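The block underneath contains the structure these notes are about, expressed in structure tokens.
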Amino acid sequence: MGANNVPRPHTIHGDVTPDYATKYNLLARDLIIVFQGLPGKHISFNSNEKFTFNFGQYDLFDENDIFFAKRLSVLGQHFKSIKAYSNTIMNNSSKGFVCQSFGSALNEQINDFYELMTNIQSNYHYRSHSEVTLHKLNVWTYETCLRFEALSNLIAKCRTKKGGALISVVYDFLHNGDPIVCESIRTILSKVVKPIRAMLNHWIFFGELKDEYKEFFICLNDNFNITTSLSNEFWHDKFSINKAMLPGFISKEQAYKILITGKAISMLREVSSTKVAVVLPVYDQLKHSFENSNLETLFDRTQHFNNSNDFASLLEYVYKEMSQTALNILNARYNLHGHFLAHKRYLLFEQGDFINYLMELLYPIINRPANKLNLYTLSQTLENAICKTNAQHDSSEVLNRIDIFLEQSLQNQTGWNIFTLKYRVDGPISTIFNEQSQAIYSRIFMLFWKIKRMHFSLNQCWITLKLQMGSLKNMPTSLRTIFYHFNFNVYQILSFVNTIERYFNYILESKWTLIQNELDHPRNLDKLIKGHQVFLQNIVKRLFFENSTSGSLTSQFSIISDQIFCFIKKLETFISNMAETPFLQTKGEWTEITKPFEEDIEAEYNFWLIHFSKLFHKEIVCFLELLVETEEDDLQELCFSIDFNKYYKCKSLVLTSSDTD
């Protein structure tokens, strides 16, 4: 064959020799077969499932033609892997509905490819064979090759995935720079998302999970066997978000709203005997609109993290409507507003007359070892306190929930340390007043009860001191000095306790406005639950001084509290000793008979009072210094209120100089 008759690479001319044209035609025919994942006469599979060429040593084609054919044969490799994966997942239902949908979407791509192959084969058989060239095969299969290459890469990422995790992988492939690939992935994504869409609709409008293969991003916690949605466990523990199954086009905020919406509709279904339309008139309309909304608008990355598309806007509306309706029902049928006020009145000490009278009644009963307390007596005392104060005007539904609780783990202590009031909750209101919040209320009650006990005990001691000073006339100067020292310390401690009490009330009222606003303008059950949690967290941090940079303030306040109770105990002992004075048996005269008593009293209390005064001042000054170091305005104002007249500052200077001397 002459040099002028040799064709240029990748081109078949009409004047080529029959042998060359025949073999070139066989190469094109083999490629058409190879495209469909089958071995041809001259092209077959090797052990790595890749194509290999079996041309003889007298091959008329140059290396460029062979290279071009090899490059085109990659399409067959992609087709073979796609079809094999599709057949595998279609025959394995245990992978779930999303995988089945993915296989179905891949089959559609395969069917489109078969249609293309039919057209190519028609060209090959009904035209002159020389017209079907490698270049034409390249042009005809160019877009398909791009799509199949992307699908092969997608399959490699999806082999171990299922459910929402698989959808996320497909969604990530959607953001491809090639519009041909992007459109193909979008078509597949529209198919695979349908099972999740069905689960989403059922969850939002029926509050039930239809997720046999655990593909949905809302999952059931298997450790909870809850049959009613009107419980704390249902709302807080039964369902959660499985982040691994969260599709990439649904944000965490949207997933949380979907979770809350399903819980709210489940609650509505139970309180309305499954007739949600009775309590939510727009239920059917919302359901129809949501089911017909276009989920594909979320695929647009510029919109899916906000509410600028139809689906997201409708989801936001459904979330607000369901949650507000659930909140309205809790207010109307379960007196939610009243339960909030009851917690504030009886556990946070707003009902002052009740707390004061209860303290007065319990004082002689509870000031004994815990194992000697009678729960029945305490319960009768509680009922008496309710009947004799303004608490009696509350509804019986509220009053019947107030109960006494004794901390069993502290049975070796006095009754003061184990006594708390509990407010029993059940049904839907327990979704808000759950076990964690009830534990916080108990903790706050015990703190307020401790402060109230300080205040009450000091007042009682002060009254008794005044009465004793009036009855014990012409007492020696040494005893009168002890009386004055006790009185002075009582005033000093009462001033500190009153300041702390006012600070606690200020914190409580200032933070309560968040709850009160949600109660006065009920808009959203979820916001009320969150607001209640934030309220409790904020007041715990401030009441227990946990917002400081270290635990120094908390421990220092505890030291001061212990010192105050130590003083109260010593003062009560002094009052008891003075009540037994021989002065009463000597016709009101201090004689030699009372002299040993005077000396004993002076020896026991005089030095102790001096030591206590110095120590108490020192601890107060330390507490003030810690308050000043904080960056919290509330704590710095508390520092000013305690030492508004600079008494402790001046006193600390005096104490320092005396210690130096």
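The values are calculated or read from the model by the stated rules, or taken from the named source; none is laboratory data. All of these numbers come straight from a predicted model, not from anything done at the bench. Ideal geometry is used to build each Cβ from the backbone, glycine not excepted, and the neighbour counts take in all protein chains shown. Protein only, heavy atoms only, side chains kept; ligands, DNA and RNA dropped before computing areas. Shrake-Rupley method; radii C 1.70, N 1.55, O 1.52, S 1.80 Å.
Points to keep in mind about this one:
- Global form of the range 454-548, assessed from the alpha-carbon gyration tensor, a/c cut-off 1.5: prolate
- Relative contact order for the range 154-219, counting Cα pairs under 8 Å that sit 6 or more residues apart, in percent: 30 percent
- Net length gained if the chain between residue 285 and residue 459 were fully extended (0.36 nm per residue, minus Cα distance): 56.1 nm
- Take the Cβ atoms of residue 209 and residue 510, set R0 to 56 Å, and the FRET efficiency comes out at 0.85.
- Compactness of the range 120-191 as Cα Rg over 2.2 N^0.38 Å, two decimals: 1.46
- With the convex hull drawn around the C-alpha atoms of the range 390-457, the volume per residue stands at 110 Å³.
- The largest-to-smallest principal axis extents of the Cα set in the range 317-409 are 58, 32, 19 Å.
- Peptide packing: for 335-345, 108-118, the average count of neighbouring Cβ atoms within 10 Å per residue gives the ranking 335-345, 108-118, highest mean first.
- Computed from the Cβ-Cβ distance with R0 of 51 Å, the FRET efficiency linking residue 407 to residue 251 stands at 0.70.
- Spacing of the modelled spin labels on residue 414 and residue 118, each 7 Å from Cα toward Cβ, amounts to 9.5 nm.
- Over 19 Å apart at the Cα level, from the set 214/530; 161/238; 344/530; 161/194, are 214/530; 161/238.
- Full extension of the chain segment joining residue 108 with residue 424 gains 107.8 nm, where the gain is 0.36 nm per residue of separation less the Cα-Cα distance.
- Taking Cβ atoms as reference points and 11 Å as the exclusive limit, the residues near residue 609 contribute a net charge of 0, counting Lys and Arg as +1 and Asp and Glu as -1.
- Solvent-accessible surface ranking, highest first, for 269, 480 at 1.4 angstrom: 480, 269
- Contour minus Cα-Cα distance for residue 495 and residue 530 (0.36 nm per residue): 8.9 nm
- Rounded FRET efficiency, nearest 0.05, which uses the C-beta distance separating residue 521 from residue 577 and R0 of 60 Å: 0.50
- Ordering 517-524, 636-643 by mean Cβ neighbour count within 10 Å, with the highest value first, yields 636-643, 517-524.
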